[in-house]
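A short worksheet on the structure shown next.
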Amino acid sequence: MIRIAHISDLHFGTDDETLIEPLQSALREAAPDVVAVSGDVTQRARTHQFRAARAFLDRLTAPWVCVPGNHDLPLYNLPARLVWPYAGYRRHIGTDLAPTFRTDGLMLCGLNTAWPFAWQRGHLRDDQLERICEGFAGFDGARIVMAHHPFSQSPETNKELMPGAGAALDRLAACGTDVILTGHLHRWRAEPFVARKGGSILQVHVGTGLSTRLRGQDNDFAILDVLRDGCNLTRMVAQADGHFTPGQPSHYAFDRC
């Protein structure tokens, strides 16, 4: 079994400081093999926010991988957003915007969907999709993609879906993707996508781990216990006293054709 802790949308700059220690404690107690961070570690891509985010990540006791979110690119500083959009992220979080974590039984591939020219909506890059599919080819284990923007969302969501998300799902399903981890919406959603070409994919998009900018749900994160043919998924939810407690685990079988 391989354990992944999936956190997202920490939004340092609008973070609830009372949740920082409880989240760190919950992540230590979970003892994951890797922490997957699906973007928006800052609120406005400012230096002090990146420093706070990096300090949080450096305190994790497990290895971590992170991809940028749209809030990790400058919004109001237009020259910086258009010319050096990832400068702060690269300086403080990591130079690899689409990192890969690989171990026996797991390949976790980051996908950078943050895009300076469509700041809110996001963007898919063909070269990154191709790299992921090439990496998954012949890999005997769980194949997981992590991105900031979701590939599917509920009808009531008031944010635009990424252009080409459906076609990208078909492509990822065809090359054997088992799970996609995302954030962005500040709302929990975990369910298999409708059947795509090549099989279905489990989507897990968590809410916000720390932000005060809630969307009608509590702060949360996810724990995935990855088995050979499926995974057990547990939502960890912040309570009134600040502690994160587990919900009822759900089991999902990987649908591989």
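The values are calculated or read from the model by the stated rules, or taken from the named source; none is laboratory data. Please read all numbers here as calculations on a predicted model, not as lab measurements. Neighbour counts are summed over all protein chains in view; Cβ atoms, including those assigned to glycine, are modelled from backbone coordinates with ideal geometry. Heads up: the accessible areas ignore ligands, DNA and RNA and are worked out on the full protein's heavy atoms, side chains in. Shrake-Rupley method; radii C 1.70, N 1.55, O 1.52, S 1.80 Å.
Let's see how each residue does on (1) open to solvent by less than 20 Å² (accessible area, probe 1.4 Å); (2) under 22 Å from Asp225 (Cα atoms); (3) assigned to a loop (DSSP other than H, G, I, E, B):
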| site | (1), (2), (3) |
| --- | --- |
| Trp119 | no, no, yes |
| Asp127 | no, no, no |
| Glu130 | no, no, no |
| Glu134 | no, no, no |
| Pro150 | yes, yes, yes |
| Leu172 | yes, yes, no |
| His184 | yes, no, yes |
Tell me which residues, restricted to the stretch 156-170, are under 16 Å from Leu129 (Cβ atoms), in contact with a Leu (Cβ under 7 Å, 6 or more places away or on another chain) and assigned to a loop (DSSP other than H, G, I, E, B).
-> Met162, Gly164
Residue that is most open to solvent (accessible area, probe 1.4 Å), among those in the stretch 1-44 that are hydroxyl-bearing (Ser, Thr, Tyr) and over 23 Å from Thr182 (Cβ atoms) | Thr18
For the stretch 64-87, indicate whether the set of residues that are surrounded by fewer than 20 Cβ atoms within 10 Å (Cβ to Cβ), touching a Lys or Arg at 6+ places or on another chain (Cβ under 8 Å) and within 25 Å of Gly122 (Cβ to Cβ) is non-empty.
-> yes
Qualifying positions in the stretch 201-217 - assigned to a loop (DSSP other than H, G, I, E, B) and either under 20 Å from Ala52 (Cα atoms) or not charged (D, E, K, R) (or both) | Ile201, Val206, Gly207, Thr208, Gly209, Leu210, Thr212, Arg213, Leu214, Gly216, Gln217
On the given criteria, is Ala114 within 17 Å of Pro85 (Cβ to Cβ), open to solvent by less than 70 Å² (accessible area, probe 1.4 Å) and among the hydrophobic types (A, V, I, L, M, F, W, C)?
-> yes
Single condition Lys159 does not satisfy, out of (1) within 20 Å of Gly69 (Cβ to Cβ); (2) at pLDDT 90 or above = (2)
Check whether at least one residue in the stretch 45-56 is under 25 Å from Pro150 (Cβ atoms) and open to solvent by 50 Å² or more (accessible area, probe 1.4 Å), and report yes or no.
-> no
Restricting the first residue to the stretch 127-156 and requiring it to be touching a residue at least 40 places away in the same chain (Cβ under 8 Å), which pairs with a second residue that is assigned to a strand (DSSP E or B) and open to solvent by 30 Å² or more (accessible area, probe 1.4 Å) meet a Cβ separation below 7 Å and a spacing of at least six or different chains?
-> Phe136/Arg143
Please verify whether the stretch 130-150 includes one or more residues that are among the aliphatic types (A, V, I, L, M) and at pLDDT below 90.
-> no
Kindly provide the set of residues from the stretch 229-250 that are within 22 Å of Val35 (Cβ to Cβ) and open to solvent by 40 Å² or more (accessible area, probe 1.4 Å), ordered by number.
-> Asn232, Arg235, Gln239, His243, Thr245, Pro246, Pro249, Ser250
Does Gly164 satisfy being open to solvent by 30 Å² or more (accessible area, probe 1.4 Å) and at positive phi?
-> yes
